[in-house]
Structures are given as structure tokens and as C-alpha cells.
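Report on the structure given below.
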Amino acid sequence: MRLSDIMGHADLATWAERGLVIFLVVFGVVALITLFRRDREAMDAAAATPLQDGTLNEEQATRQSGARE
Amino acid sequence: MEQRIERFRYDDAVVRLFTGATVIWGIVGMLVGVIIAFQLFMPQLSFNLPWLTFGRLRPLHTNAVIFAFAGNAIFAGMYYSTQRLLKARMFSDLLSKIHFWGWQLIIVSAAITLPLGITQSKEYAELEWPIDIAVALIWVVFAINFFGTMAKRRERHLYVAIWFYIATIIAIAILYIFNNLALPALMFKSYSLYAGVQDAFMQWWYGHNAVAFFLTTPFLGLMYYFLPKAADRPVYSYKLSILHFWSLVFIYIWAGPHHLHYTALPEWASTLGMLFSLMLWMPSWGGMINGLLTLRGRWDRVAADPVLKFFVVAVTFYGMSTFEGPMLSIKSVNSLSHYTDWTIAHVHSGALGWNGFLAFGMVYWLLPRLYKTGKVWSHKMMELHFWLGTVGILLYIVAIYSAGVTQGLMWRAFDATGRLAYPDFVETVMQLMPMYMVRALGGILYITGAILAGVNMIMTMRMAPAKLEDPEAEAPALIGDGSELDPPREGRGAIAWTTSLAWHRIWERKGVLFTVWVAISVATASLFEIIPTFLIKSNVPTIASVKPYTPLENYGRDLYVAEGCYNCHSQMIRPMRHETERYGEYSKPGEFVYDRPFQWGSRRIGPDLHRIGGKYPHLWHVRHMEEPRSTTPQSIMPPYPWLAENDIDYETIQPRIDALLMLGVPYGDVVNNAEQVARDQAKQIADEIVAQGGPDLADKDIVALIAYLQRLGTDIHSGDTAGR
């Protein structure tokens, strides 16, 4: 039996449907986990990374993005 | 060990270049879009010029907006944020310059070749092989520059924006190379390595993921950097960003086949594409929620700050588009929406709303920083741009949603006697004219906003000091591998360790490992779909009567490709009663085994042509190409008079056949005298045109095109293919 025969009889569409159910369950669980804010300090520090870019004198010039007229 | 503080400068010169190119190419790309929007209700706007037809300009519009406007915006944002997130100047200033100028050269090449009809005809991958090679080389330059910067970084952990950039670089390289594999036949003509169903599959694996990894992941990276910066708030949930990233990168790549529902693509692949598209709902909305909630506590600023307004609308459109995309992938919905303007509306809600507004918001945020002006020249002009753009998008998409649903319903409508209610295709087109006009108005508003952005940018540049120095920064040099920063594992069980996502923090400091995981995610999904598509014989049952195109028909097919006919005409009759009643027997996978590239199309501005062969006499086609309204009074197709003027280039016929032969097309004896076979067939058709009362068109391009059109869809009805 050749690989193409095996794949031809694998009924691939049903695997996608099973995959959807598995994904829904896994995603739901993982999403709930994100609500448990363990390691909050480390995660909050990581979330603030863009705000600390090391520039010495850039932000003072443009704290606000637009001019006021 | 004491850490040494290092001072260094960011390279903002290249960011300024990319930012300027973003606005300039944005205006150009949108202008072409407005022109072709007008052509849909004023076809005379092609002025009988080959390079101004809808079929040639539409790819120019899509390529300009995607690769020139969005591409330059991506690079501007990536160069700015990557340096700051990694606390390092770009790896090489020279590579940055090569990247910028090389990319602009590619854009100019596209702007010249596409209107000349030099195209592969694969949507968003139209550029011919020499330009494809240039794209690949420049992409490698960009990748070396990016990963080189990662290697010399001073920030231990890679922030989420960097993950999205990594995914973009890896995935686009894979997608672009494999979809564009082709054998050159001439200097600007190649044939795809794939044929028919497999070519269609590869194209939409690429086409869908070009949206995913060129218009989504890099823009999400920009969102994760510039939105917190503009709001002066950290991103809402870092854990959610981890979830968003990995689920998006893993799932997106599977969804391509949803572009081919009810076509000759195998049913399993279609179903797989639909289900993975549905899965995409969750990570996409996770990202949208993460973006909008980043503004918590800052909503008061949104009213006063145009940058935040642009960002809020952009993220909202991201949510709307990523809701609509999976919805359109559901087969029953897709059966109505496919080939209609509904898809065009969906694309533009994403492109104008999500990509466009995020890009313009980012440009406005960057301008005062890049030019040290402290402010953008005109706040009021930014506000006006925002409102013109918003109203423009709404006019555009509401009109085109209406057009899509209207035409889709008209196509499938039957009257009380069981006949098609609108058997004449052009009837369904005429109904759309008011909506096309509103769409053009929306486009004008949107491009007016973009022009205002250009004016604002120029005036802001004029406020800049005479000498712009690169900004200085400082950060401690990295020492060791940083493992001392890893979250402690002791005392945590496997579940606690896993659910804390602390392990991900370890990945984030290991750039190579992270990149490998991204590559595995993208490649795994691709291979799970591609391998069965190519391996399972039953996917493309062969049909004995389907034979290769004759040399003349193949030449005519190349003209069909060059004129971009696929932009308005499909060659795929779906197995639905309203389609078979209108066009004839539904299309079979085995009918396309010699189609390189496939020409199934994605939009029917005109009718499907798969069974056009033998439907009309040759002379009808001559008259139709010369002036479409002479045969179909309400047609919006442009005239193609040059087809009756240009001579067939017989000298190029043999190399074309040689290339196809190398790809495995069984040409038999024809291979040794392709040119003479073509001349004989051309004479026969030209004589028949004269016999039907037409002009003498011997050796003119139109004869080859007619040869191709008359062949289309006829093989399954003919056991007798002798003489071909």
C-alpha cells in the first residue's frame, strides 16, 4: 500500500471537524488561564516594555502626538 | 557582575525614508484604485489604451496598496520599533539602505510591468520571475538586518511586537518562494510549476496568508508597539498577547482553501479551510480586545488625539474584518458571497480601516519624533483626514456590501416557471451602477484624506531643524545568557508551571529558539495541507479527452493572462443549479490539468467563461473585443482594439511550448514544429472569420485569443481531439 492510498482513505475532512472541537476546548481553557493573573508582576513588566525604550531626550520633545491649535 | 551602560544611536534616517514612501505610494495606489472604481461605471475611461484597462490596472492597484503602501508602512514601523524594543541600532546601515532602495525599485518595476501586461496572473503574486527574484533577495537583506539586530540587542526579552515581526519575515519568505516557483519561458514570461487544482491551492495558500502575514501579523506588531506608546499605557494583557500570537500564527496558515469553496478543490481541503477559519475568530478577537483595552483609563484622550482616533478605528475594523472573514468562510454564506463584491467590501474594510488607519495613525505619531518638531504641522488637518477617511470607508463598504448581496441574490434567483429570473448576466451588473458610484465617492474621500496627510507631512518636514541627529539612547550591555532572569520553577507543579506561562518568558530571551518554533508552526500547517493535495490521486481525477492546449491556443491563453481577464471573468462553474443553468456543466478538477497558471478568478464583473468555447461564432468575438457594446449594449467591458492590430509573435511560440514540455505537458510531435502548427491553426481561424463576413485578421493576436476561447470547456464534450 502506498502513502497516497493511505492518505486517500484517511477521511481527512472529519479530522478537521475533530480538530475544531479540540481547539475550542483547549482555547477556552487557555483563555480562562489568562484571566488567572499569576506572575502578575513579571507579566506587567513585560507589557510595559514599549514604554521604556532607552531614548535619552526623545520623549520630552513630543509627549503628545499632535499639536494644539 | 556589574553591567556596563552603553550609549548608542538609533537609525531614524531609514524610518524617515520609509515613512515618506508610505504616504507617497499610498496616494499613488489609492489613485489607481479610484480610477478603476470609475471605470466600472465609465468604461470609456480606459481611452482604448491597453495599459489603462481594468484588467491591467487592478493588479497595479492591489500590488501598490499592499506592497508599496502597507509594505513601506510596515518597514517604517518595524525599523523604528525594533531598534527601541531591542535597544540597538539596526545591524547594518548599508543593509537598511539596500532594503529601502531595493524595495522602491521593485515597486517601480511593478508599476511599469503590470500595465504592460507582464504578469503571472496570480492575485497579489502577479510579478514575473525576474522581479520575484529581486523580492526574494531584498527580503533576505531585510531578514539579515533584522536578525542581526536581534543578535546584538541589549534587551534580554523579546517583546510581543518582535514575535509578530519574526512571524512575518519567516512566513512571507516561505509563502512567496513556494507560490512563485515557475519555469521561465521568456525574459518576462514563466509558467507555474503547479497546474490547475494544485496551482489554485498553492495560490490561495499564498493569497490568504499574504493577508495573514503581510497585512495582519506585522500590523499587529505595530499595534502592540505604537498603541501603548500613543496611549502611554502598557498593553492590557501580556498573557493574552501570548495566546493571540501563537494561536494566530498556527491557525491562519490552514485557512487558505476557504477561497475555493464549491470549486474543483477537494472537499476535504475546503472543509479544513472553513473550520480553521472559524477557529481564527478567537485569537483575532483576543487581539482586538487586547488592543482596545490597552486604552483603559485613556479614553478621554481619544477625543482630543487624532492618532488615538486612527488607532481605535483601525483596531475596531480589525475586529470587524476578522469576524466577517470566518463568517464568509462558512460554505453556505460563501456560496452567496463568492465572486461578488461582498468579498471586495470585506477586503476594503480590512485594508482601508485596519491597515490604512493604523498606518496613518502611526505616521502621524512618528512625524514629530522623526523630524524633531514637537508637533504635527496641522492638528485640524489630521482631524479632517480622520473624518474624511472614516466617512469614505463607510460609503465604500456599505455600497459594496449592498452590491455584493444584490448581485449574489440575482444570480441565484429563479422565477415561478423554474427559469433563471435574470438570465442575462449584464442585467445583474446594471443593478450595481448606483452602488459603484457611491463606492467611487467613498474612494475619493479616502484619497483626499491621504493627500491631506501628504501635505501635513511635507509641512511638518519643513518645520524640522536643519540637521537631524539620530536620537541617542543608553542601555546596559547584556552579559551571560540571562537565565538568572528566568522565573523560578521550584515548587511549581507541571500544571501551575504551564498555566503561569512562565516558560514563555524563557522562550522570549532565546531568539533562535523562538524563530524555530515560529517556522515549525507555519511549516507544519502548510505541509499538512499541501502534501495530501499533491499526493492523493483522487483529488484530480484525469479525464481522457482533456488534451493540452495547441501552441496557438496556449499563445492565446497567455494573451488572456496578460490582459488580466481573470480580474473580471472566472473559469469555474460551481456545482449549483443556478450556475449550471446559466453557464453549463459544472467544472471538473480534471479539466484544468494543463492550466498553468489556473484562471479560476475570484470576482465575476463579467460572466464565467469556462464553457464559452463554441458558444458564439468567431466573428462575435472579433466584434466583442473591438467594441463590447456592439454585442452587449450595456457591457462595462473596455474595448480591446489592439488585439486586432498586434501581430502574433510566432518566434516566441516554440520557447513557450518547450517550457511547458519541461513541466511535463505531453505535446508529442507538436514539440518539434510548434510554430508551424500555430501558423496553420491561425490561418484556419482567420479564414473562418472571413467566411463569417469579418475582416482579414490573419496572424493577429485576436486570432490566437479566439482559438483559446473557443477551446475553453469543450474537451469533456469531445472524445475527438484529433488534429490538436
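Here are the numbers for the structure shown:
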| read-out | value |
| --- | --- |
| Residue ID - modelled with the lowest pLDDT, chosen from residues in the range B:580-610 that are outside any loop (DSSP other than H, G, I, E, B) and closer than 30 Å to B:GLY418 by Cβ | B:PRO589 |
| Qualifying residue in the range B:72-89 (condition: over 30 Å from B:TYR10 (Cα atoms), in a helix (DSSP H, G or I) and in contact (Cβ under 8 Å) with a residue 40 or more places away in the chain) | no |
| Residue within the range B:156-168 that is within 30 Å of A:LEU51 (Cβ to Cβ), within 14 Å of chain A (Cβ to nearest Cβ) and open to solvent by 10 Å² or more (accessible area, probe 1.4 Å) present | yes |
| Matching residues in the range B:26-46 - criterion: being open to solvent by 50 Å² or more (accessible area, probe 1.4 Å) and either modelled with pLDDT of 95 or more or not assigned by TED's automatic domain parsing to the domain that holds B:HIS208 (or both) | B:VAL28, B:LEU31, B:ILE35, B:PHE38, B:MET42 |
| Filter pass, B:LEU697 being farther than 19 Å from B:CYS565 by Cα, aliphatic (A, V, I, L, M), open to solvent by less than 30 Å² (accessible area, probe 1.4 Å) and under 33 Å from the mean Cα position of the chain (by Cα) | no |
| Test for B:PHE357: is it free of Cβ contacts under 8 Å to residues at least 60 places away in the same chain, surrounded by fewer than 22 Cβ atoms within 10 Å (Cβ to Cβ) and either part of a helix (DSSP H, G or I) or touching a Leu at 6+ places or on another chain (Cβ under 7 Å) (or both) | no |
| Selection from the range B:479-520 of residues that are open to solvent by 50 Å² or more (accessible area, probe 1.4 Å), aliphatic (A, V, I, L, M) and under 40 Å from the mean Cα position of the chain (by Cα) | B:VAL512, B:LEU513, B:VAL516, B:ILE520 |
| B:VAL516 being without any contact (Cβ under 8 Å) to a residue 24 or more places away in the chain and aliphatic (A, V, I, L, M) | yes |
| Unmet requirement for B:SER247, which otherwise passes all of (1) buried (at least 24 other Cβ atoms within 10 Å of the Cβ); (2) within 11 Å of chain A (Cβ to nearest Cβ); (3) modelled with pLDDT under 95 | (1) |
| Count of residues meeting criterion [closer than 25 Å to B:GLY196 by Cβ and outside any helix (DSSP H, G or I)] in the range B:663-694 | 5 |
| Failed criterion for B:ILE289 (all others in (1) open to solvent by 10 Å² or more (accessible area, probe 1.4 Å); (2) β-branched (Val, Ile, Thr); (3) more than 12 Å from chain A (Cβ to nearest Cβ) hold) | (3) |
| Every pair of residues 6+ apart whose Cβ atoms lie under 6 Å, when the first sits in the range B:174-194 and is touching a residue at least 40 places away in the same chain (Cβ under 8 Å) while the second is outside any helix (DSSP H, G or I) and charged (D, E, K, R) | B:PHE188/B:GLU128; B:TYR191/B:ARG596; B:SER192/B:ARG596 |
| Checking B:VAL347 against (1) open to solvent by less than 30 Å² (accessible area, probe 1.4 Å); (2) within 17 Å of the chain's Cα centre (by Cα), the condition it does not meet | (1) |
| Every residue from the range B:594-628 that is more than 30 Å from B:ALA691 (Cβ to Cβ) and not small (Gly, Ala, Ser) | B:ASP595, B:ARG596, B:PRO597, B:PHE598, B:TRP600, B:ARG603, B:ARG604, B:ILE605 |
| B:ILE118 under 29 Å from A:ALA47 (Cβ atoms), surrounded by 18 or more Cβ atoms within 10 Å (Cβ to Cβ) and of a type in the set (Val, Ile, Thr) | no |
| The range B:440-460, residues that are open to solvent by less than 20 Å² (accessible area, probe 1.4 Å), closer than 19 Å to B:ALA351 by Cα and either free of Cβ contacts under 8 Å to residues at least 24 places away in the same chain or not small (Gly, Ala, Ser) (or both) | B:TYR446, B:ILE447 |
| Criterion: in contact (Cβ under 8 Å) with a residue 12 or more places away in the chain and not in a helix (DSSP H, G or I) - qualifying residue of B:LEU709, B:LEU697, B:LEU643, B:LEU660 | B:LEU697 |
| Where B:LEU265 falls short, out of the listed (1) facing chain A (nearest Cβ under 8 Å); (2) touching a residue at least 40 places away in the same chain (Cβ under 8 Å) | (1) |
| Test: B:ILE242 is of a type in the set (A, V, I, L, M) and modelled with pLDDT of 90 or more | yes |
| Within the range B:490-563, helices (runs of 4 or more DSSP H) holding 3 or more residues that are β-branched (Val, Ile, Thr) and more than 29 Å from B:PHE178 (Cβ to Cβ) | B:494-500 |
| Single match in B:PHE226, B:PHE317 (criterion: open to solvent by less than 40 Å² (accessible area, probe 1.4 Å), farther than 30 Å from B:SER570 by Cα, touching a Gly at 6+ places or on another chain (Cβ under 9 Å) and of a type in the set (Phe, Trp, Tyr)) | B:PHE226 |
| So B:GLU472, is it among the acidic types (Asp, Glu), more than 30 Å from B:THR149 (Cβ to Cβ) and surrounded by fewer than 18 Cβ atoms within 10 Å (Cβ to Cβ) | no |
| Exclusive hit being away from chain A (no Cβ under 14 Å), open to solvent by 40 Å² or more (accessible area, probe 1.4 Å) and either closer than 23 Å to B:LYS229 by Cα or of a type outside the set (Lys, Arg) (or both), set B:THR390, B:THR417, B:THR428 | B:THR417 |
| Scope the range B:627-659; condition open to solvent by 40 Å² or more (accessible area, probe 1.4 Å), within 19 Å of B:LYS683 (Cα to Cα) and under 32 Å from the mean Cα position of the chain (by Cα); matching residues | B:ASN646, B:ASP649 |
| Meets criteria (in the same structural domain as B:ASP305 (by TED's automatic domain parsing), at pLDDT 95 or above, open to solvent by less than 40 Å² (accessible area, probe 1.4 Å) and farther than 23 Å from B:ALA64 by Cβ) for B:MET382 | yes |
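Residue by residue, here is whether (1) under 21 Å from B:ARG604 (Cβ atoms); (2) polar (S, T, N, Q) holds:
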{"position": "B:THR322", "(1), (2)": "no, yes"}
{"position": "B:ILE330", "(1), (2)": "yes, no"}
{"position": "B:VAL333", "(1), (2)": "yes, no"}
{"position": "B:VAL347", "(1), (2)": "yes, no"}
{"position": "B:LEU367", "(1), (2)": "no, no"}
{"position": "B:LEU370", "(1), (2)": "no, no"}
{"position": "B:LYS375", "(1), (2)": "no, no"}
{"position": "B:ILE400", "(1), (2)": "yes, no"}
{"position": "B:LEU409", "(1), (2)": "yes, no"}
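Per-residue answers, yes or no, for (1) touching a Lys or Arg at 6+ places or on another chain (Cβ under 6 Å); (2) modelled with pLDDT under 95; (3) open to solvent by less than 30 Å² (accessible area, probe 1.4 Å):
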| site | (1), (2), (3) |
| --- | --- |
| B:GLY664 | no, yes, no |
| B:GLU675 | no, no, no |
| B:ILE685 | no, no, yes |
| B:ILE716 | no, yes, no |
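The values are calculated or read from the model by the stated rules, or taken from the named source; none is laboratory data. Just so it is clear, the structure is predicted and the values come from calculations on it, not from any experiment. Please note: Cβ atoms are built from the backbone with ideal geometry, for glycine as well, and neighbour counts cover all protein chains shown. What goes into the accessible areas is simple: the full protein's heavy atoms, side chains included, and nothing from ligands, DNA or RNA. Shrake-Rupley method; radii C 1.70, N 1.55, O 1.52, S 1.80 Å.
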